[in-house]
Amino acid sequence: MLGRSGLSRTGSFRPENLGQNALHMIGHLCFTLFVIGVLVFTIIAATYEPKNPIFHPSTKIETFLTSSSNATFRSDNTVVRTGEDFMVSNQTAFATFINAKDVVETKEGSTDEISLSRCEGDWKEPIDCKDPEVVHLMMKVVIERFEDIHFYQFGKPAPGPKENTCDMAWRFRPKEGKTVAFFKDYRRFVIKRSKKCKLSVVSIGDYHSGVNARKKKRKNQKPGFEQGGVPLPVVGEPINDSLPVVESEIAFSRGKYLIYAGGGDRCKNMNHYLWSFLCALGEAQYLNRTLVMDLTLCLSSIYTLSNEDEEGKDFRFYFDFEHLKETASVLDQQQFWEDWNEWQRQDGLTLYLVEDSRVTPMQLSEVKDSLIMRKFGSVEPDNYWYRVCEGETESVIRRPWHLIWKSRRLMDIVSAIASRLIWDYDSVHIVRGDKARNSDLWPNLAQDTSPNTLISTLQGKI
């Protein structure tokens, strides 16, 4: 017995145990590889930040809206994009603009002056603004005067307050414009007629000075301009953004409503606000309910002169409420609660309260109560409205970007400022440096384009 090898006495290395030992070793190895894989996956998942689809080019936004990617919003304080920025329009509508050479020629001569083909009576008689030769003169002069924009349509001129003035309107876009929208301007022309019956344009008024050429909005006329079946925003036309009113008690009682209450979205940047608001609007459309919305906003400190959040701002100044109410079912929150308090008890209207954002719109589709109220807590970021549209809901609820346009009131102010400077793309282009400041073209450039001047101009309207 003493002559036997030590190895032969080790039970774990006996031939009959080798298969079992191999299985144990393989099991430990597989478990180790599994743990390493889980660790690597966890690190990648924790550090991965998907691109925010809001700021993708318009060709990608539809892909995102129908995708199964992560719906979580990532803050970005760059450009605020709305529905018209994502619209793919028929570019031929923008390619067919009016050139000066397209205007009918009456007689040979300079652009700023023509001789009337007929000149009867006293040459001091009032100018006939609807005379084709007068119309063509105004068109040619304005096209050549404003070289940085394209003209798409001219309206019928109207007499001004004096006998030698005419007002005329036109639809235009900046030559390098990217936004799928038209702008409208109407100006006052002072026209002179000489003893030899030659007409000339003496001056053209400022932006929106030709008020007599501004058409009144027709009853039931929808906002914007329809091109190829797609409504496009038109900045400068009359706006009717009054609050919608429920016609009667019966109509109110038959309605179905959705309201979002509380949450941590208030006073956040505009991109955050839109991402959450469009989630609520999308759910309301999915449930076939009217969205009860708060038309008072809190303007984030990143936009204010005081560098503090400012409450009480009007939704209608920042977004096109006329377009929204014409294309979606919405009600003002204050008006809704007045009607609710008046008719809720006597008409037996009921409320269904939801306090967990994880309750999906699909789970609420069978709710029969008059009002569904989503109530959000105070713990961020779990109390953001857009949480409702995450997870499995993302493939069901589509944010209706086409319903939100930039406010035409705000864009009208921008257009007025741009009309005094130079249109470039969709904003104001300013030539910088001493050369521009000393130029005769912009004698007040330093004052007119200083940050405080421009911001104060907008703040006065907000």
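Within region 330-348, does at least one residue satisfy the condition of being touching a residue at least 40 places away in the same chain (Cβ under 8 Å), farther than 24 Å from residue 365 by Cβ, of a type in the set (A, V, I, L, M, F, W, C) and open to solvent by 60 Å² or more (accessible area, probe 1.4 Å)? Scanning region 330-348, I find no residue that is touching a residue at least 40 places away in the same chain (Cβ under 8 Å), farther than 24 Å from residue 365 by Cβ, of a type in the set (A, V, I, L, M, F, W, C) and open to solvent by 60 Å² or more (accessible area, probe 1.4 Å), so the answer is no.
Quick one: would you say residue 281 is in a helix (DSSP H, G or I) and either among the β-branched types (Val, Ile, Thr) or buried (at least 19 other Cβ atoms within 10 Å of the Cβ) (or both)? Taking the combined requirement at face value, the residue satisfies it.
Of the residues making up region 279-303, those that are within 20 Å of the chain's Cα centre (by Cα) and among the polar types (S, T, N, Q) are 285, 296, 300. Looking at residue 387, is it in contact (Cβ under 8 Å) with a residue 60 or more places away in the chain and open to solvent by 40 Å² or more (accessible area, probe 1.4 Å)? Against the criterion (in contact (Cβ under 8 Å) with a residue 60 or more places away in the chain and open to solvent by 40 Å² or more (accessible area, probe 1.4 Å)), residue 387 does not qualify. Considering (1) closer than 30 Å to residue 249 by Cα; (2) of a type in the set (A, V, I, L, M); (3) touching a strand residue (DSSP E or B) at 6+ places or on another chain (Cβ under 9 Å), the lone condition that residue 359 does not fulfil carries the number (1).
Got at least one residue in region 349-360 being of a type in the set (Ser, Thr, Tyr), modelled with pLDDT under 95 and open to solvent by 80 Å² or more (accessible area, probe 1.4 Å)? Checking region 349-360: not a single residue is of a type in the set (Ser, Thr, Tyr), modelled with pLDDT under 95 and open to solvent by 80 Å² or more (accessible area, probe 1.4 Å). Scanning region 296-310 for residues that are in a loop (DSSP other than H, G, I, E, B) and surrounded by 18 or more Cβ atoms within 10 Å (Cβ to Cβ) turns up just one, 300.
Of the strands (runs of 3 or more DSSP E) lying entirely inside region 138-204, those containing at least 3 residues that are open to solvent by less than 20 Å² (accessible area, probe 1.4 Å) span 165-174, 182-193. Restricting attention to region 228-254, the residues being touching a strand residue (DSSP E or B) at 6+ places or on another chain (Cβ under 9 Å), open to solvent by 60 Å² or more (accessible area, probe 1.4 Å) and either among the charged types (D, E, K, R) or at pLDDT below 85 (or both) number 0.
The values are calculated or read from the model by the stated rules, or taken from the named source; none is laboratory data. This is a predicted model, so every value here is computed, not measured. Glycine also receives a Cβ, built like all others from the backbone with ideal geometry; neighbour counts cover every protein chain displayed. Accessible surface areas use protein heavy atoms only, side chains included; no ligands, DNA or RNA. Shrake-Rupley method; radii C 1.70, N 1.55, O 1.52, S 1.80 Å.
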